[in-house]
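Working notes, beginning with the structure itself.
Values quoted throughout were computed directly from the atomic coordinates according to the rules given, and no laboratory measurement underlies them. Predicted, not measured: the structure shown is a model, and the values here were computed from it. All Cβ positions, even for glycine, are placed from backbone atoms using ideal geometry, and neighbour counts span all protein chains on display.
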Amino acid sequence: MKKNKCIFLDRDGTINVYKCLLHESEDFELLPRVSEAIRLINKSDFMCIVVSNQPVVARNLCSLEDVWKINDNMKELLAGEGAYLDDVFICPHHPDSGYLGENKQYKIKCNCRKPDIGMIEKAAQKYNLDLSKSYIIGDTTIDIQTGKNCGMKTVLLKTGLAGSDKKYDVCSDYNAETLVQAVKIILEIDE
Ligand SMILES: [Zn+2]
């Protein structure tokens, strides 16, 4: 059976305006032309899947349910503009425990927090993905390192943190000003 290919998207700073530790739907604001970018993916041979670290759960700023409400709100906003996500995966964990008020259940060293590749592997299995033909687009070096860790090509955006997190000393395969530009770059090389 022929394998599928996918463009993985980070969420905060890539799809929506970056706000530190966003945990309320009211604060969720789509970046300009994001729905246009996702519509382009929907029309192509690529699937479109979001992979997002959400340590807000482990920090107890909100519940896991609240994060899924924010994600549902995101899907609704996008669908209202004709753009569809094939799936959304989140990591609710955080490795550093010992803080006041934390949600201990999620304060663990997991294998899904990017740049670990648990979410990507789960998606690859669920949708029979060929990761060597897939891409990840994000605004941090964490996203780029995630792509490197599983053999995907990577695009770093100038939106959100624009790579300023500098957590990993990595170089992306491509750079783009916006998500729509990143998707156009991928679809052009992929022809
Ligand atoms: Zn995790």
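Of the Cα atoms belonging to region 6-53, the radius of gyration and Dmax stand at 11.5, 33 Å. Semi-axes of the equivalent ellipsoid of region 56-121 are 26, 16, 6 Å, computed as sqrt(5λ) over the eigenvalues of the C-alpha gyration tensor in descending order. Which is farthest toward the positive dipole end of the chain among Phe8, Leu161, Val67, measuring Cα position about the Cα centre, with Cβ charges +1 (Lys, Arg) and -1 (Asp, Glu)? Of the candidates, Phe8 comes out farthest on the positive side. A Cβ-based charge dipole, computed about the Cα centre of the chain with Lys and Arg at +1 and Asp and Glu at -1, lands at about 560 debye. Region 164-191 and region 110-134 have Cα centres separated by 18 Å. Annotation note: trypsin sites (Lys or Arg not before Pro) in region 87-191 located in DSSP loop regions with a Cβ neighbour count of at most 14 within 10 Å are Lys109, Lys158, Lys166, Lys167.
Were the residues from Lys167 through Glu188 laid out at 0.36 nm apart, the gain over their Cα-Cα distance would be 4.6 nm. The tail of the calculated P(r) for region 5-189, taken as Cα-Cα distances beyond 29 Å, holds 14 percent of the pairs. Spin-label model, Lys158/Leu64: points 7 Å from Cα along the beta carbon direction are separated by 4.0 nm. The Glu36 and Asn149 beta-carbon pair, evaluated with R₀ = 41 Å, returns a calculated FRET efficiency of approximately 0.90.
For Val17 and Ala79 in one chain, what is 0.36 nm times their gap in residues minus the Cα-Cα distance, to one decimal in nm?
20.5 nm
Given axes a ≥ b ≥ c from the Cα gyration tensor, I'd like to know whether region 102-162 is rounded (a/c under 1.5), prolate (a/b larger than b/c) or oblate. It comes out oblate by the Cα gyration axes. Students often get this wrong, so check it: of Lys5/Lys148; Lys19/Lys153; Lys3/Lys133, which have C-alpha atoms separated by over 20 Å? Violating the 20 Å Cα-Cα cut-off are Lys19/Lys153. Here's the picture: a label point sits 7 Å out from the Cα of Lys3 along the beta-carbon direction, and within region 101-125 the residues with their amide nitrogen under 18 Å of it are 117-125. Simple spin-label estimate for Ile108 and Tyr127 gives 2.6 nm between the two label positions (7 Å along the Cα-to-Cβ direction from each Cα).
Computed about its Cα centre, the charge dipole of region 77-169 is approximately 240 debye, with only Lys, Arg, Asp and Glu carrying charge at their Cβ. Counting DSSP beta bridges with both partners in region 1-130, what percentage is antiparallel, nearest 5? Bridges in region 1-130 are about 10 percent antiparallel. About its Cα centre, region 134-178 has a charge dipole of approximately 80 debye under the convention of +1 per Lys or Arg Cβ and -1 per Asp or Glu Cβ, with nothing else charged. In summary, the aspartates and glutamates within cross-link reach of Lys43, defined as a Cα separation below 20 angstrom excluding same-chain residues under 8 places away, comprise Asp10, Glu76, Glu81, Asp86, Asp87, Asp130, Glu188, Asp190, Glu191.
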